[in-house]
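Reviewing the structure listed below.
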Amino acid sequence: MPELPEVETVRRSLLSTLVGKRITGVNVSMPKLLRNLSAEQFTALAVDRHFVDIVRRGKYLLFRLSDGYTLVVHLRMTGQLRFATCEEDVPRHTHIVLDLSGGHQLRYTDIRQFGFWFFARNEEIAQVAGLDKLGPEPLEDDFSVAYIMDRFLGRRGKLKAMLLDQTFVAGVGNIYADEALFMARLHPLRTPDSLTQDEVERLRSALRDVLAAGVKLRGTTFSDYVDGLGLSGSFQNQLLVYGRTGQPCRGCAGVVERIVVAGRGTHICSRCQPRMVD
Ligand SMILES: [Zn+2]
């Protein structure tokens, strides 16, 4: 599932190619992917508008269009946006195609069809479920030690589940949560309210470092993910624990284990990330 670094990479890859292009036609073969409009309504509203900017918020992409409209896209599990020329073969599982000025297209493929599109006036996009409740961006200043300490105060439950909670921090998913917890030497089953200020500082730094590195390496490609120009990321070569079950820990002589936390496969080194703290 694309997380902050992958979605940000898609944003950056499409920005220079898409901005300024005008939508000349719309072809929707899977109308259920349009969250709030019929294919006819979407076509009527989108055609002749042009792309002004692309913004990311958490794992949501916000395409700003002319005349005060925004297209919100969430890729969920297997959604992909591809900028292409009209002549290029249309891949399987292509469900929405925007024809663009200059003989180009923006194509949306989604094998599992969990993603969605929402198109509305700028002031109406707060209606998108989850978008209005997102926590701070982890790479921005408001994701501060004070903020985390405040949110962790009296908080039981599991530390990893907290990192995956988009209302606590926006854009973090399974891969980068595991990597950050390993880097911070924190067990994912710790309760948030058990962390000391020093541990919170380690966690914040680790999360920011791993996400920034993920963006720099243009995301993690295991199976599906590619950016808006079809290029794979390379952060998968840097992973410390995620997907490395049974392999040697990169921090000690131990072995990476897989446990289940909050229903998600979770990768840890129990020597580097002790469950109990003295
Ligand atoms: Zn270790």
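Data for the structure
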quantity	calculated
Selection count where residues are assigned to a helix (DSSP H, G or I) and surrounded by 15 or more Cβ atoms within 10 Å (Cβ to Cβ), scope segment 217-237	2
From L71, L75, L37, L18, residue being under 18 Å from Y225 (Cα atoms) and touching a residue at least 24 places away in the same chain (Cβ under 8 Å)	L75
Close pairs from segment 191-211: first assigned by TED's automatic domain parsing to the domain that holds Y176 and of a type outside the set (A, V, I, L, M, F, W, C), partner loosely packed, with under 14 Cβ neighbours inside 10 Å and not in a helix (DSSP H, G or I), Cβ under 6 Å, at least 6 apart	T191/R156; D193/G154
Test set (1) touching a strand residue (DSSP E or B) at 6+ places or on another chain (Cβ under 7 Å); (2) within 16 Å of the ligand (Cβ to nearest atom) - A184 fails condition number	(1)
Selection status of L203, under 22 Å from L164 (Cα atoms), touching a helix residue (DSSP H, G or I) at 6+ places or on another chain (Cβ under 6 Å), of a type in the set (A, V, I, L, M, F, W, C) and at pLDDT 95 or above	no
All positions within segment 39-89 that are closer than 23 Å to G171 by Cα and assigned to a loop (DSSP other than H, G, I, E, B)	G58, K59, L75, R76, M77, T78
Pair list, Cβ under 6 Å, 6 or more apart: segment 93-118 residue in the same structural domain as L45 (by TED's automatic domain parsing), other residue small (G, A, S) and outside any strand (DSSP E or B)	H95/S29
Odd one out for K160, checked against (1) surrounded by 14 or more Cβ atoms within 10 Å (Cβ to Cβ); (2) over 30 Å from T196 (Cβ atoms)	(2)
Of all residues making up segment 126-178, the number that are in contact with a His (Cβ under 7 Å, 6 or more places away or on another chain) and part of a loop (DSSP other than H, G, I, E, B)	0
Condition met for Q273 (closer than 24 Å to A213 by Cα, within 13 Å of the ligand (Cβ to nearest atom), of a type in the set (S, T, N, Q) and in contact with a Phe, Trp or Tyr (Cβ under 8 Å, 6 or more places away or on another chain))	yes
Segment 244-262, residues that are modelled with pLDDT of 95 or more and more than 9 Å from the ligand (Cβ to nearest atom)	R244, T245, G246, Q247, E257, R258, I259, V260, V261
Breaking point among (1) touching a residue at least 40 places away in the same chain (Cβ under 8 Å); (2) buried (at least 16 other Cβ atoms within 10 Å of the Cβ), for F51	(1)
T266 vs. criteria at pLDDT 95 or above, within 16 Å of the ligand (Cβ to nearest atom) and in a strand (DSSP E or B)	yes
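The values are calculated or read from the model by the stated rules, or taken from the named source; none is laboratory data. From a predicted model like this one, the values you see are computed outputs, not experimental measurements. Cβ coordinates were reconstructed from backbone atoms using ideal geometry, including for glycine residues, and neighbour counts include every protein chain displayed.
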